[in-house]
There are 2 protein chains.
Amino acid sequence: MSPATDPSTTPAPGHGFRTVAIVGLGLIGGSLARALAALNRPPRVVATSQAASNLEQAERAGAIDAGSTDPEAVLAGADLVVYATPLDVTLRLLADHRGRWPAGAVVTDVASLKGPVEEAMRALGESARYTGSHPMAGGEGSGFGHSAADLLAGSTVWLTGRGAGAAGVEALWRAVGAHPRWTTASEHDRLMSWCSHLPQLASNALARVLQESGHAPSDLGTGGTDMVRLAGSSPEMWLPLLARSEAGAALRDLARAARELADALDGRDLEAIEDWMRSTRSWRAGAAEPPPPPPAPAT
Amino acid sequence: MSPATDPSTTPAPGHGFRTVAIVGLGLIGGSLARALAALNRPPRVVATSQAASNLEQAERAGAIDAGSTDPEAVLAGADLVVYATPLDVTLRLLADHRGRWPAGAVVTDVASLKGPVEEAMRALGESARYTGSHPMAGGEGSGFGHSAADLLAGSTVWLTGRGAGAAGVEALWRAVGAHPRWTTASEHDRLMSWCSHLPQLASNALARVLQESGHAPSDLGTGGTDMVRLAGSSPEMWLPLLARSEAGAALRDLARAARELADALDGRDLEAIEDWMRSTRSWRAGAAEPPPPPPAPAT
C-alpha cells in the first residue's frame, strides 16, 4: 500500500490538487475520500490511519488509491493534506508532521473549532500553507463504516485562514457538493459555541434531569426523543472541543431562559408563555419579525 | 349528513362499541376515525366538528359514516364519545354536552393532561362513564389534513379513570394498533410535566437564546436543527396545557443542570463534562447503569 504518485496520468481538476492525502478515515475523512473518488476527474487520493482495517475497507470500497499506517509515506507526494481526526489528535499530528509536508503542499483540517488549529499552525510557522475547514456534516454514526460519498453534499463548510491554497481548498469542497463560506476563526468559534456546543450541551442537560428524576427514554414522545438524541453523541469527539469551548456564556443564557419560563409557568403568566411560543415559532420559520425585547439581566 | 344509527347492521367488535362519536376531526380525531374505518369489523363512526370542511373531507375520505356541525345529532346514537379537541375546548364541551349523552354511553378524551378532565367529569357527576385517554402520537402537522390511519399504530396510549367503559376503551385503542397503559391522572400529569412539557419548553428556551443572540435557524447543524424543531409547535395546542402544567420544577432543574455544565465548562473541569456525556449516553442507550449521584440542591 505505498502511496506512489504519478501526476502525469492525473488531469488537474478545478481545485488544482493532483494528490490529496487524507489523515484519518472516520466519518468525515472517509466521506471526503469517497466523494473525491466519485468525481468525474478524481485526484489521486491517499490516506493514512492508525486503523489498518479502515485503510483496507477504504481500498476495497474504491475510496482511496493507496493507504498506509505510516504517515511519512502518505504525506510525501501530497499537494493537499486534510487532517480529519479529532481536534486534539489533529493538534498533535500537525506538530509531528511538520517538516514532512512537501514544499508547496497545502494543509487543511476539518475540526469543529478553528482558533486552536490556526494558532497551532502559526506557532509552527506554517500559517502560509494553512486554510481551515469545518464541514457542518455528520450524524449519530461515526467511523468509516458510516461514511458516504454524499455526506458532504449540500452541507455548509466554514473556511478560515486564507493561506496560499485557499482558492484550491474552496474549490475542492465545492467539487464534492458542499457550500463553502468564509469567516474568521474567532467568528467561527463563537458561532459554534452558540449553534453547535450549546444545542449539544442542552441535550445533555435535558437528558441528565430526566435521568435524575427517574424517567426513561421510552417515557418520551417523538418530540422529546428528538431532544435527547444528541445526548447519545460521542464523548471522544466532543471532549477536545468542549475543552476549548466558549459556550459557558450561552449555557448560562439558556439557564436564565429556562428560569424565566419556569417563573412564567409557576405564575400562570400565559401572556408571557404565548409570547415565547409565538416568537420562537416565527424565528424557526425564518419570519422577518422585529426581534423580541432584550432579556432582563441575568440575576 | 345526519348520523342515523342502525345497530342491527353493525356486528359488535371486541371493544363492544357499535357507534363511536368523535368530537373534533383534527390530527388525532381524524386519525382515529380513519383507523376505525379501516378495521375489518368497523364500528359506525360519526363525528362533529365546528369546521364543516373537515366533516366533508372526512366523509369523502371514507373516515366517517356521517357527520354534523350539530353535536346533539351526533351524540344521540353514540355508545362511545371521544373528545379530540384541545384541552380547554374539551372542558367547555363536556359541560355543554352533559345531559345529551345517551344512557350508558361511555366518554373518553385524548387531552395531554388527565387531571383537569377527570376533575371536570367529577364536578359534573359523570365520573362513572369516564375513562381518560392520552395517545402519545402526533407530529409537527396538525388538522385533519395531516391525519393518517396508521398514526396511532404502535404509540403508547395512557389510560386513566377506569369508568364503567374502561375495558371497552382499552380494547378500542388496542384495535387500532396502539399500546394502552394504565396509570392515574396525577402520575400521568407528572410524567407529562417531565417528558412532554419540559422537552417542549427546553426547545422554546433554546430557540429564544439563539434568537436573542442574533443567530438564525440556518446557522444550526443537523443536531441543533432537531433541538429547535419543537419550538415550531402550535401555541393554540400548548397554551391550555401549559396553563395547567406543573413543569416549573422540571424547568428549574434544567436551569440548574445548564448552570452546572456552564461551571464545568468555564472551569475546564473535563472530568465532570465527560461524566455527563457518558452518563447521558448510557441513559439514552437504555443501559442498566447505577443512577448518578443526586443533584446538588438548586441554589
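Laboratory data are not the source of any read-out in this text; all were calculated from the coordinates shown. The structure presented is a predicted model; accordingly, all values stated were derived computationally and were not measured. Cβ coordinates were reconstructed from backbone atoms using ideal geometry, including for glycine residues, and neighbour counts include every protein chain displayed.
Listed by Cβ neighbour count within 10 Å, with the fewest neighbours leading, A:Ser193, B:Ser31 appear as A:Ser193, B:Ser31. Placing pseudo-labels 7 Å out from each Cα toward the beta carbon at A:Ala95 and B:Glu72 gives an inter-label distance of 8.6 nm. A simple rule links phi to the HN-Hα coupling: the Karplus curve 6.51 cos²θ - 1.76 cosθ + 1.60 with θ = phi - 60°, which for the range A:197-208 gives 5, 4, x, 4, 6, 5, 5, 4, 5, 4, 4, 5 Hz, with x for Gly and Pro. Which one of A:Ile22, A:Ile273, A:Ile64 has the biggest mean-square fluctuation once chain A is modelled by GNM with Cα springs under 10 Å? For chain A, modelled as a Gaussian network with Cα springs under 10 Å, the answer is A:Ile273. Using +1 at the C-beta of Lys and Arg and -1 at the C-beta of Asp and Glu, which of A:Gly145, B:Ala231, A:Ala257 has the Cα lying farthest in the positive direction of the dipole of the protein assembly as shown? My answer, from the dipole projection, is A:Gly145.
Each copy carries a label point for B:Asp88 at 7 Å from Cα along the beta-carbon vector; from one copy to the others these points are 5.2 nm apart, nearest first.
Can you give the FRET efficiency for A:Glu119 and B:Ala164, using 1/(1 + (r/R0)^6), R0 = 56 Å, r = Cβ-Cβ distance, to the nearest 0.05? Once the sixth-power term is evaluated, E becomes 0.15.
Starting from the label point of B:Ala167 at 7 Å along Cα→Cβ, the same points in the other copies fall at 8.2 nm, in ascending order.
Computed about the Cα centre, the dipole magnitude for chain A is approximately 680 debye when only Lys and Arg (+1) and Asp and Glu (-1) carry charge, each at its Cβ. With label points defined 7 Å past Cα in the direction of Cβ, position A:Leu39 shows copy-to-copy spacings of 6.1 nm, given to one decimal and shortest first. Here the range B:109-128 is scanned for amide nitrogen atoms under 18 Å from the site 7 Å beyond the Cα of B:Leu39 along Cα-to-Cβ, giving B:109-110. Comparing B:Glu260, B:Glu119, B:Glu187 in a Gaussian network model of chain B, where Cα atoms under 10 Å apart are tied by springs, the biggest mean-square fluctuation is seen for B:Glu260. Each part gets one Cα centre, and for the range B:242-269 versus the range B:149-197 those centres are 30 Å apart.
Multiplying the residue separation of B:Glu56 and B:Arg181 by 0.36 nm and subtracting their alpha-carbon distance yields 41.6 nm. Of the residues A:Ala148, A:Ala105, A:Ala255, the one that moves most in a GNM of chain A with alpha-carbon contacts below 10 Å is A:Ala255. Converting phi to 3J(HN,Hα) with the Karplus coefficients 6.51, -1.76 and 1.60 and the offset θ = phi - 60°, the range A:37-48 yields 5, 8, 5, 4, 10, x, x, 6, 10, 10, 8, 10 Hz in sequence order, with x at every glycine or proline.
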